Amino acid sequence: MSRKSINIVSSPAVPLRMENVDTDQIIPARFLKATTRDGFGKNLFRDWRYEQDDESKPKADFILNKKQYAGDILIAGKNFGCGSSREHAAWALKDYGFDVVVSSFFADIFSNNALNNFLLPVTVSPAFLEKLFNAVETDPDCTISVDLSNQSITIAESNESEHFELNPYKKECLLNGYDDIDYLLSIKDRIEAFENQRAKI
Amino acid sequence: MAPGHAFFTNSDESITMGTTLFEKIWQTHLVTTIEGGPSVLYIDRHLIHEVTSPQAFKGLSDRGLKVFRPKQIVATADHNVPTVNQHLPIKEELSRKQVEALKDNCSAFGIELYGLGHPFQGIVHVIGPELGITQPGMTMVCGDSHTSTHGAFGTIAFGIGTSEVEMVMATQCLLQTRPKLMRINVNGELNKGVLSKDIILYIISLISASGATGYFVEYAGSAIRSLSMEGRMTICNMSIEMGARGGLIAPDETTFDYVKGRTFAPAGEVWNQKLAYWKTLVTDDDAVFDKELHIQAEDIEPMITYGTNPGMGIGVTRNIPTVESIEASDRPNFTKALAYMGLEPGIAVKGRKIDYVFIGSCTNSRIEDLRLVAGFVAGKKKADSVEVWVVPGSKQVEKQAIEEGIDKIFEQAGFQLRSPGCSACLGMNEDKIPAGKYCISTSNRNFEGRQGQNARTLLASPLTAALAAITGEVGDVRDYLISELTN
């Protein structure tokens, strides 16, 4: 996996005004046959993006096909990433170009998968989510700034801001480009000691 | 390993309370906890399959690592495999490559593989329990959200992503934050024709597809206790469909009887020691949950879903909600779901024609499910307009079905008994429901496109699915059971 760190993301955003977006929509099962982590972006939201699975027939009303919307931040309705545990969903969003997904809450497994891929899930209040949607839908060029160090998300034009929660350990990982395996490998002696102790019980 | 009492401190006083089943297992698997961060949880058993493991193996290779505890991992091929002609090479090239990659990786890293052709092959969540790999008090993970199934044995079992698969391969541990705990109590007696699938679809319809996000759920109460292991697995399996990390049920005599004598179950003196420990795996009477829900079993009807998430379910005699009855903020999703399904608000689902019946998946493909369906359809024939696929959960289930003559009953009814795999639950192989067609399915997800692009899924119990196979439409199995009794 390519290591990356993340701190400040400042960009226009794409508003996906839908709730319960499941990982089958983010990346349909038929695209899970790869044995590498690359190239999933072109099939992101595949069946919402194209008619009859045909790339020459984009669905005009789907948000990723609307020319005015682009950026590194995806804003989506509550319970984003529910359903299947497929990490391919996080790979697809990252490969497409998103560094941040904002929602009022995320499904647990998706949230872990995103963090493990330096895709930052930002949980905001339902009221702030509505403000974000309105700001971006009114002005597609409106800049949204996510500051991981300060755990804040700001709508540049109105300067409205909200604090978001993140586990301090995960925050350190994201800021410094560490991952969980680095940490777990560093305590392997303790893991072995734990195994030995359990074997005696 | 005697169960201790946890000491809880809240903001203004220190009080001693009992311990939950979840905490008892969690505590015995904690290697360490990072200050202000997650805990390091030791994993007893790791199940892998072809779809979510190749990138993890590659990650290990890239870092020059070996699998830390290969004997604690079991692999099978299930998601991608065809359900006809399994003895032939897989036709679809990418599927074949993925299944071959699993074989190569397992051989290179020293992992036991129950691949195609092996008598133990099957859906990962069916083979774990039936082989006795799944045991009470364990921690288990798999790169698959329905790993929650194994919680039926009183284990902490949950689905993980591929990066986490790699972590467990490398260190047999995961970094986890302790989830909140919810208990769902189902008391009373189930109505005739109501199965465990109806219980879980009912629960999800009450609390929604996100109602348990952030929680681990313990199922309790007399109606849960009365269920077989197969029934309990169906319930725990769908915990993820309400957002829960997992679900679990305290082990009891039903559990011990099921585990005893299975291929990898403990035996002799080890069995006695384990059993003594397993009997301590209950939630103490004075334990406190973050959230608790009480349900009366008598309130549950046979269930059917009408929408595009598992929370969109109703009793089979009820009508689809009207737009007005839906909260304003949920209306766009409700309307979109019904448009996809080709259904209108306020109408009945009962009586709707269906095109396909799928009996299978890690939710309902065990021998008990097949017996129930066979018992119902014996001597009957499927409706001409309907195609019926029965996909057993494993080679063992298939073998058992044949030994019991269930295959003959299905053949006479016009049902296709196929070979084991995930099949039309997610349509990764060739078993796809065509666009626009209605499929009544015993699987776990009715998401858009789940069973094939633009396919329309109605989730139901194996009995409700069997009835639809015979009549060609959605019906109330209770009417049928009563009329059969009176005839």
Over the alpha carbons of segment B:68-213, what is the largest minus smallest coordinate on each principal axis, giving the biggest first in Å?
50, 38, 27
By accessible area with a 1.4 Å probe, ligands and nucleic acids excluded, highest first: order of B:329, B:107, B:365
B:107, B:329, B:365
Taking every residue of B:143-155, the Cβ atoms of other protein chains inside 10 Å of its Cβ average out to 2
Using +1 at the C-beta of Lys and Arg and -1 at the C-beta of Asp and Glu, which of B:397, B:421, B:359 has the Cα lying farthest in the positive direction of the dipole of segment B:348-422?
B:359
Placing unit charges on C-beta atoms (Lys and Arg positive, Asp and Glu negative, everything else neutral), compute the dipole magnitude of chain B about its Cα centre in debye, rounded to 20.
960
Residues of segment B:120-153 with amide N under 18 Å of the 7 Å Cα→Cβ point at residue B:279
B:136-137
Which whole number gives the average, over all residues in B:39-47, of C-beta atoms from other chains lying within 10 Å of the residue C-beta?
1
Do any of B:350/B:380; A:33/A:59; A:67/A:171 go past 27 Å between their Cα atoms, and which?
A:67/A:171
Hey, which lysines would be in cross-link range of residue A:170, C-alpha to C-alpha under 21 Å, not counting anything within fewer than 8 residues on its own chain?
A:4, A:94, A:188, B:180
Kirkwood Rh and Cα-based Rg: tell me the resulting Rg over Rh for the protein assembly as shown, rounded to two decimals.
0.95
Based on a Kirkwood Rh over C-alpha pairs, give the Stokes-Einstein translational diffusion coefficient of segment A:85-147 at 20 °C and viscosity 1.002 mPa s in µm²/s.
171
Expected output for segment B:161-189, residues with a loss of 10 Å² or more in accessible area relative to the chain alone at probe 1.4 Å, reads B:161, B:162, B:163, B:164, B:166, B:167, B:170, B:171, B:173, B:175, B:177
Would you calculate the separation in nanometres between label points at residue B:225 and residue A:51, each defined as 7 Å from the Cα along the Cα-to-beta-carbon direction?
6.0
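Rounding to the nearest 20 debye, state how big the charge dipole of segment B:75-125 is about its Cα centre with +1 on each Lys and Arg Cβ and -1 on each Asp and Glu Cβ.
80
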Net dipole in debye of the protein assembly as shown [+1 Lys, Arg Cβ; -1 Asp, Glu Cβ; about Cα centre; nearest 20]:
1460
Protection proxy ranking, peptides B:222-229, B:442-449, A:66-73, average beta carbon neighbours within 10 Å, highest first:
B:442-449, B:222-229, A:66-73
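Just counting partner chain Cβ atoms within 10 Å, what average do the residues of peptide B:423-429 show around their Cβ? Let's see the in-between values first.
Working: counts 0, 0, 1, 7, 4, 6, 2.
Partner-chain Cβ atoms within 10 Å, mean over residues of B:423-429: 3.
The values are calculated or read from the model by the stated rules, or taken from the named source; none is laboratory data. Note that the coordinates shown come from a computational prediction; the quantities given were computed from them, not determined experimentally. Glycine gets a Cβ as well: all are built from the backbone with ideal geometry, and neighbour counts include every protein chain shown. What goes into the accessible areas is simple: the full protein's heavy atoms, side chains included, and nothing from ligands, DNA or RNA. Shrake-Rupley method; radii C 1.70, N 1.55, O 1.52, S 1.80 Å.
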